[in-house]
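A short write-up of the structure that comes next.
All of the numbers you see were taken from the coordinates with simple rules; none came from a lab. Keep in mind that this is a model prediction, so the values were computed, not measured. Quick reminder, even Gly has a Cβ in these numbers, built from the backbone with ideal geometry, and neighbours come from all protein chains shown.
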Amino acid sequence: MEIPVINLAEMEIGEQRSQAMSLFHRVCRNWGFFWVENHGVDVALMEKVKQLVYSHYDEHLKESFYSSELARGLGPQTNAGDVDWETTYFVQHQPVSNAGKFIHHGLEFKEVMDEYSRHLIKLAEKLAELAGENLGLEKEYLKRTFAPAFVGTKVAVYPQCPAPERVMGLRGHSDAGGIIMLLQDDAVPGLEFFKDGEWVPVPPTKGSRIFVNFGDQMEVVSNGAYRSVWHRVRADARGSRLSVATFYNPDGGAVIGPSPELVYPGGYRFKEYLDYYLGTKFGDKGARFKAVKERFE
């Protein structure tokens, strides 16, 4: 399957807007993941983020990963259902940035990540506005529902794997939050989304595109019109894969739910859902929604 591409330049006022918005609605409803181009994020800034992440991995993480118990013990005895072949850390941007705490990255890393997050927040707000419009909601509805949005970036490298058939880079799951924007590798593949009964590979990035998918909270707020999608990362023997995933999520205290008469669980605080999600991340999403609904009704 060829993954849809959303051109945000076509969303401006003009003859193309109606068709572009209709396409965006179909993609959100039928796919839940897509490429975005003409997104307004500075291309040189994106390349700088990738360069800094790869440099830090080579200098500080690569040796320790291959010296880890997981890497040294990879073999028939590896329980692939319990481990992920990745090295990762999380940078918080909003409400408070912690980028300055990553002292091994240097001052430049903080400056670059703070600037990058400002671009990604604008992109997320634009996507939320357009999605809300297609759902018949007020322009600021999703932004207000998530406010004050929690924004953070999971930085991951999936190291070259000598036995990729024995382990997953990252086990299958759906994302807990709202809108996920991925700056990923332009050479090594691995990301896959489950659609219509089969795993759809996400190819390496072309040009300056950003990959986007929706999390569980978008599914709830849209009453299931826009669903989060099960996805995973496969380990690869050909090289290491970069993943810089920025999450635009509700605040932990944001009360989430569709209109009261709708069927999804509602009235819970996102932190309550997140606490439950952390113990069931790799389990069935439907069962998780059911449990949350029963717990908070």
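Both radii come from the Cα set of the chain: Rg as radius of gyration, Rh as Kirkwood radius; their ratio Rg/Rh reads 0.96. When the listed pairs K62/K281; K50/K271; K143/K281; K126/K281; K143/K271; K101/K143 are checked against a 22 Å cut-off, the alpha-carbon distance exceeds it for K62/K281; K50/K271; K143/K281; K126/K281; K101/K143. Relative protection proxy for 54-63, 227-236, from highest mean packing down: 227-236, 54-63 (other beta-carbon atoms within 10 angstrom).
The residues packed around D186, meaning those with a beta-carbon under 12 Å from its beta-carbon, carry a net charge of +2 if Lys and Arg are +1 and Asp and Glu are -1. For the stretch 84-183, trypsin sites (Lys or Arg not before Pro) are listed when DSSP marks them as loop and at most 13 other Cβ atoms sit within 10 Å of their Cβ; the list is K139.
Computed over the alpha-carbon pairs of the stretch 132-210, the distance histogram in 5 Å steps reads 3, 10, 15, 20, 18, 15, 12, 4, 3, 1, 0 percent, short to long. When peptides 286-294, 81-89 are sorted by average Cβ neighbour count within 10 Å, with the highest value leading, the order is 81-89, 286-294. The value obtained for the stretch 67-124, namely the Cα convex hull volume divided by the number of residues, is 132 Å³ per residue. Dipole magnitude for the chain: computed about the Cα centre from +1 point charges on Lys and Arg Cβ and -1 point charges on Asp and Glu Cβ, it is near 380 debye.
Think of the stretch 147-297 as having a plus end and a minus end, set by charges on the Cβ of Lys, Arg, Asp and Glu; of A156, G177, V202, A156 sits farthest toward the positive end of this dipole. When the chain is treated as a GNM with alpha-carbon contacts under 10 Å, the residue of G73, G172, G267 showing the greatest mean-square fluctuation is G73. Stretched out straight at 0.36 nm per residue, the stretch from A71 to I103 would grow longer than its current Cα-Cα span by 8.9 nm. A helix-only calculation puts the chain at -10000 deg cm²/dmol for mean residue ellipticity at 222 nm, using -39500 (n - 2.57) for each DSSP H run of at least four residues, averaged over all residues.
Taking 0.36 nm per residue of separation and subtracting the Cα-Cα distance, full extension of the segment from R166 to E111 would add 15.9 nm. Here the calculated FRET efficiency for A291 and Q16, from their Cβ-Cβ distance with R0 = 41 Å, stands at 0.40, rounded to the nearest 0.05.
Which number comes out as Rg/Rh for the stretch 146-297 once both Rg and the Kirkwood Rh are worked out on C-alpha atoms?
Result for the stretch 146-297 is an Rg/Rh of 1.00.
Here A147 and K126 are evaluated by their C-beta separation; at R0 = 22 Å the FRET efficiency comes out at 0.90.
Estimated at 0.36 nm per residue, the fully extended path between D196 and R26 surpasses their Cα-Cα distance by 59.7 nm. What does the C-alpha gyration tensor say about the overall shape of the stretch 22-93? Classify as rounded when a/c is under 1.5, otherwise prolate if a/b is larger than b/c, or oblate. Verdict is oblate for the stretch 22-93. Each residue of the stretch 242-256 was assigned a 3J(HN,Hα) from its phi angle through the Karplus expression (A = 6.51, B = -1.76, C = 1.60, θ = phi - 60°), giving 8, 9, 10, 9, 9, 9, 9, 10, x, 4, x, x, 5, 8, 10 Hz with x at Gly and Pro.
Please report the spacing between the Cα centers of the stretch 167-197 and the stretch 1-71 in Å, no decimals. Answer, in whole Å: 11. Once you divide the Cα radius of gyration of the stretch 189-241 by 2.2 N^0.38 Å, the number left is 1.34. What percent of all Cα-Cα pairs in the stretch 16-158 falls into each 5 Å bin, going from 0 up to the bin containing the maximum distance? Whole-percent P(r) values from 0 Å outward: 2, 8, 14, 15, 15, 13, 13, 10, 6, 3, 1, 0.
Working note: Karplus 6.51/-1.76/1.60 with θ = phi - 60° gives the stretch 52-62 the couplings 5, 5, 5, 4, 5, 4, 4, 7, 10, 10, 4 Hz, where Gly and Pro are set to x. Taking the stretch 153-178 and a reference point 7 angstrom along Cα→Cβ of A187, the backbone N atoms nearer than 13 Å belong to 160.
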